[in-house]
Amino acid sequence: MSAIQRHPVAAWQAGALALVIGLTVIVPALVLRSAGDAAKRSSDMVRHTLEVDAQAQSLALHVRDTEAAALSLAAGVDTPRLRQRLAVSRQQIGGAMTALQRLTEDNPEQQRRLGELQNQVSLRLGNMDALARSGPASTRAQVDAAVRQYPVGELIARVIAEERGLLARRQQQYQRRSTLTELTRWLAVVAQVLLLGAAAGYAVRQLRRRVGAERDAAQANAHAGLVLDTVREPIAVIDAESRVVLFNPAFAELYGLPSDAHGRRLAEFDGGAWTDEETVRRLGDVLSRGREMWDYECEQTTADGVRRTMLINARRMPLSEHQGRTVMIAATDISTRRASENRIHELNRQLEGKIEQVSEVNRELEAFSYSVSHDLRAPLRHTAGFADKLQRHLGEAADEKSRHYLGVISTSAKRMSHLIDDLLVYSRLGRSALRLQSVDMQSLTQETRAMLDANLKLDQPERIVEWHIGRMPVVVGDENMLRQVWLNLLGNAVKYSAQRQPATIELSHAYDAEGNHVFTVRDNGAGFDMAYAGKLFGVFQRLHSATEFPGTGIGLATVRRVASRHGGRVWAEGRPGEGATFFLLLPASDQPLNGRLPS
């Protein structure tokens, strides 16, 4: 597939490396230089103190030499050499005094002592000069008095003592500086070793990471190559000159590429699949402008000579081993799908024709049923009206059989009228549009119960019906159609439990696993045989005789039609003599109702 990609060292890593070098080389050098400078300053101070001490000792020595020479002259010993010695000693005293003042100019206390010493030395030397001029007449007592009057030795001793004290302190300071310098040197060495070790460890870790990254990249490339070879979708990569850089076996098989197709142009292969001007132009846009080509449909003749409908997708895909622009092409054969779509379109067209035919038939049937139902009403009204008139005309003269015949005629006419009304309701439920809205089932069921109770008080005041209505939800549906559902379900429960005293009717609600509404109506009435459950919801289907339980046989069919219009269903369970349970399922509010969503 592709060569291993190499990732450049991050900028922060280069900065960290420079910091490590600085800490390893520059910082220890600066620390050692600072410690060396401090040690040198301490050494200079010690040397300075020793120099002061030496000059003070020299001053004391020259003062004594001067005094000795003066005493020799006072004792009568006067030689040129002695005179020369006296002059040299006095000159040395001046030089030593000047050197001491220069060396101690940074020490005010020593400068004060030296000033006092210089004054005493001058006075004492003057006194000694006087004794030398007086000759042998000077006495030992005068010499001792001059020495006591001008105590030069004590002042020199103080200067020397001060300098020696400074020398001791400076030697201690120098020792501490030396110890600190040595410690700093060793710490620098240890720090350098640690930093070098850390740098080496970091370098080894980075090397391992790079080796691991290269190994992972090689594995990823191998896996990508395996995936590319396994995918049955034809895939290829071309460069800016439309030369093949990479392709998988599916592409080679579809377009007839040989194994040595790398570096050859797409247009060179047999079949001319990639010579279409529009396709070439679109691929050129992807290469030059970076555009993406999605789901471009075109006709291509493939290696097997078959004209196919292809779906082409292309986008830039840089390769690490290829410096120029490259584009990945994915081709999908949609010939079968396109043929299926064309077939589906044709079937849909035929279906629309059938639907139109069925709709026309339904319209004709609805017009026929409407016309028949209305045309039947006139003879029914005539039959019922003339039977009633005949009964009033005969009056008391009618015998029992005549009254029975007239009653049968009147009852049959009324039953036929109810049947026509139910048929019209059933027909309207099939063709009227759903008016979807939020419907409070609690209010709707309570309203239906109140209506049924009112009818019972008028027709059968002796009957006792115990109602158990649970909590009902708010659903989305057609309120009038759902009212018709409850009138039929609850009315059936009241009707078929007429032989129970008291009659018990339970109405409850629950959700199924998909969140749909499931309503349950249970009664303790006559029940039915489950073998005939399939007939319950058919038009004019009855499981009980009309003399036992009156009705038209259209109510449950109406319930099924309403449930179907709402995208739900209805079913029942029961046993003869043990009551019946009817279940009504309506979809949740977010589910489509008969192909429509509630607004």
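The values are calculated or read from the model by the stated rules, or taken from the named source; none is laboratory data. On a predicted model such as this, the values are computed, not experimentally measured, just so you know. So basically every Cβ, Gly included, is an ideal-geometry build from the backbone, and we count neighbours across all protein chains shown.
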Give me the strands (runs of 3 or more DSSP E) completely within the range 436-478, filtered to those with at least 2 residues that are among the aliphatic types (A, V, I, L, M) and modelled with pLDDT of 90 or more, ordered by residue number. 474-478
Collect the residues in the range 234-274 that are assigned to a loop (DSSP other than H, G, I, E, B) and small (Gly, Ala, Ser), keeping them in residue-number order. ALA240, SER242, GLY256, SER259, ALA261, GLY263, GLY271, GLY272, ALA273
Scan of the range 493-503 for residues that are surrounded by 16 or more Cβ atoms within 10 Å (Cβ to Cβ) and either modelled with pLDDT of 90 or more or more than 58 Å from the chain's Cα centre (by Cα) (or both), ordered by number: VAL494, LYS495, TYR496, SER497, ALA498, ARG500, ALA503
Yes or no: ARG47 out of contact with any helix residue (DSSP H, G or I) (no Cβ under 6 Å at 6 or more places or on another chain) and assigned by TED's automatic domain parsing to the domain that holds ARG169? yes
